[in-house]
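See below for the structure under consideration.
The values are calculated or read from the model by the stated rules, or taken from the named source; none is laboratory data. Because the structure is a prediction, the values reported are computed rather than measured. Counting neighbours? That spans all protein chains shown, and the Cβs are built from the backbone with ideal geometry, glycine included. Calculation scope for accessible area: heavy atoms of the full protein, side chains included, ligands and nucleic acids excluded. Shrake-Rupley method; radii C 1.70, N 1.55, O 1.52, S 1.80 Å.
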Amino acid sequence: DNAWFVVHASPDIRTQLLAFPPLHPRGLRDSPIAGILLTNADLDQTLGLLTLRESQPLHLYATETVRHAFMDENRLYRALCRTPDQVTWHELKLESRQPLFLPDGSATSLSVMALPIPGKVPLYMEGLSDSGQEDNVALLISEEPRGSSVAYAPCVGGPSPSVDRLL
């Protein structure tokens, strides 16, 4: 299948998409991007979602804490909710392997596990909530039946058992 999962949506995502032809639209309002995984709610990793806000449905994977910071505490992101079902959130539960889905709801051969790693809340959230394990996660993405995996751990604030596990 020609479906892709993107990790983060940085402010320059448009440039990144233009530079990589497999991620170009296949037709009017038809994107090969099946979902976007967010490891935290930092603006450097989420602002690009506003570039993707047109009527194409977005499937976002994040912890409940990241979803809350992104949607409930930031009115600007209401631009992503102009039409019903424009955004579908898939909650990443810590330490739990979960399948990644295509926009039609069918499972792919990929799964993801979110692991808590040391970090901090985004600057715009400082003082609004306590820091917790869901604020900053690493991702362990696996493909079955091959059994191959890739680990992605941005913004690691220090050593931890989760970082050791990924290594």
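When you filter the trypsin sites (Lys or Arg not before Pro) in segment 7-61 for DSSP loop state and at most 12 other Cβ atoms inside 10 Å of their Cβ, you are left with R26, R29.
In segment 35-167 the Cα-Cα distances spread across 5 Å bins starting at 0 as 2, 10, 20, 22, 20, 15, 8, 3, 1 percent of all pairs.
Once both labels are positioned 7 Å from their Cα atoms along Cα-to-Cβ, the gap between D30 and L50 label points is 3.0 nm. Leaving out ligands, DNA and RNA, and with a 1.4 Å probe, what % of the accessible surface on the chain is carbon or sulfur? The C+S portion of the solvent-accessible surface of the chain is 55 percent. For the chain, the Cβ-based charge dipole about the Cα centre amounts to some 360 debye (Lys, Arg positive; Asp, Glu negative; other atoms uncharged).
Projecting the Cα atoms of L100, L140, T83 onto the dipole axis of segment 13-167, where Lys and Arg carry +1 and Asp and Glu carry -1 at the beta carbon, places T83 farthest toward the positive end.
Spin-label model, A151/S106: points 7 Å from Cα along the beta carbon direction are separated by 3.3 nm.
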